[in-house]
1. What is the angle, in °, between the Cα long axis of helix 352-368 and the longest principal axis of the Cα atoms in the chain? Nearest 10 is fine, range 0 to 90.
2. Scan around Val136 for amide H atoms under 5 Å from its own, H built in the peptide plane at 1.01 Å from N, and keep only partners 5 or more places away or cross-chain.
3. Which peptide among 264-272, 404-412 comes first, and what is the full order, when sorted by highest mean count of other Cβ atoms within 10 Å?
4. Lys/Arg Cβ at +1, Asp/Glu Cβ at -1, dipole of the range 197-309 taken about the Cα centre: which of Pro258, Cys295, Leu219 is farthest positive-ward?
5. Quick one: what does P(r) look like for the chain with 10 Å bins over all Cα pairs, in whole %?
6. May I ask you to order 383-389, 273-279 by the average number of other C-beta atoms within 10 Å around their residues, highest value first?
7. Tell me which lysines have Cα within less than 25 Å of Lys439's Cα, excluding those fewer than 8 residues away on the same chain?
8. Determine, from the Cβ-Cβ distance of Leu123 and Trp155 and an R0 of 35 Å, the FRET efficiency 1/(1 + (r/R0)^6), rounded to the nearest 0.05.
Amino acid sequence: MISLKAGLSWLIGMVLLATLLINLGIQLMHAGPRVRAEAGSNLRLAREFVLTTITSLPDGDNPTPALRRLYANLGSLRHVDIRILDRGVAPPAHWSADDHVNDADPPAWFVKLVDVPPPRVILVPIRVHESEYGNVAIISNPLDELEEVWSDMTWLASISLVVTLAIIVLVLLLVRYSLRPFAALQAGLADLEAGKSGIRIAPRGASEFRNISIALNSLATTLDRVRNENRDLVNQLIQIQDSERKEIARDLHDEAGPCLFSIRAAAASLQEALTETSPDHERLRQLSSIVDRACEALQSLFRGLLGRLRPKGLTELGLEAALKSLFVSWSLGHPEVDLRLMAPHDLSSLDEATAFTAYRVIQESVTNIFRHARATSAQVSVSFGWDSLRDAGEDEAEDVPTLTLLIEDNGIGIAEEHRSGMGLLGMRERVQALGGAMKVERRTGGGTRVTVSLPIRDEEEVSGD
Ligand SMILES: Nc1ncnc2c1ncn2[C@@H]1O[C@H](COP(=O)(O)OP(=O)(O)OP(=O)(O)O)[C@@H](O)[C@H]1O
Ligand SMILES: [Mg+2]
């Protein structure tokens, strides 16, 4: 692919060359008729002039010397030669164009191309009072006229060449000046590609370049913001993972450790008791009940851990049933809050990731209500709807089908200046990971409202993941 500069130079050069060739062609076409017409009219004029000079000769001696002087004083005439042939001197048998060759003549190939007629000769007798004094030969010279055409054409070609070169130079200078901001744009794009941050390109040059610079700057800002958000999310993810691991380790250490210890101790006591000839049955019963209680405690610990790691029954029973079972246990544990779940639609078609995220969001939001809201009633609604899932920066976005979660309480309301803990951060992160939107706000009537919209992915998308 040739450069813009080379392309423009070629284009301009070609257009001007074509114009020049057309001009020259038209001149060439008209050159033959023009030469013929000029030669004919000049010959006729010269004949009239010669006839006039002869008729106005005085009587007397031989007038040829006077005529010779007269014609010599005229100097060289345009397109014709006038010669005096003395009496008895016959005109040459053949006049040719070569007889008039001079330095300014056009080249032979041009003469051939135009097809110039051969010189014409007219003889006018010099007769005074019945006396013959010879003849005046008038010879046309068509090469004179052709020379003018040739000179016009060479001038036209030279001027066109100079003008073409000047235009090309001017255009190249203009292109070079106009394309100056292009280098800055190229460098900016290369920096973006290399992952550099804080890239700003000063808008310069033509309006098109200014618009591209502004768009590139806003792209760089968005990239920086997304990069920072990603970094924050990764940090939060690591923190959440760490704290979850620490909690699990603490539970295992604090609860599983003592249980396992008491099982081992009971097993050792059992072995010891079995070596006795008559074992104490009451003691054996006590030991077995110790093992039983420790196993029960371990079982409930594992149930709790598994429930935290993976909600019980979510995959098997679906979101609605899993939420109902959660709400039953919450209602038992927190009778002070009137807790309601509304799920007007059939949620069984939800994919696992969306259902899991919805479950976690509701779990954290309701836990927050118990911990922070001091509410007497709370309600959770899970329904299908439509939302644009618009980010703050976006102006317009199409509505898409969503799963909408609404968790409201009538408590003290979330403080305007609240600090997000792991709970809200984790929720936001889960929602963003699915491309959803989340809003936490104080209700006008008191209390807090958490609104979450999760896009519903169709089956193909889900299986393609
Ligand atoms: N329903 C609510 N009513 C009033 N305040 C709330 C409510 N939900 C959240 N908050 C406030 O928002 C803060 C952040 O909540 P978040 O769940 O992120 O953290 P947390 O509950 O304090 O700790 P954890 O990381 O264990 O969840 C809370 O400390 C609380 O002050
Ligand atoms: Mg919380």
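Throughout, read-outs are computed from the coordinates displayed, never taken from laboratory work. Model, not experiment: these values are computed from the prediction. Using ideal geometry, Cβ is built from the backbone for each residue, glycine included, and neighbour counts are taken over all protein chains shown.
1. 60
2. Amide H to amide H, under 5 Å and 5 or more residues apart or across chains, Val136 pairs with Leu85, Val124, Ile126.
3. Highest to lowest by the protection proxy: 404-412, 264-272.
4. So the residue furthest toward the plus end is Leu219.
5. In order of increasing distance, the bins hold 3, 11, 13, 10, 8, 7, 6, 5, 5, 5, 6, 6, 5, 4, 2, 1, 1, 0, 0, 0 percent.
6. Values: 383-389: 15.0, 273-279: 8.7.
The most tightly packed comes first, giving 383-389, 273-279.
7. Of all the lysines, those that pass the test against Lys439 - Cα under 25 Å, at least 8 places apart if same chain - are Lys324.
8. After rounding, the FRET efficiency stands at 0.40.
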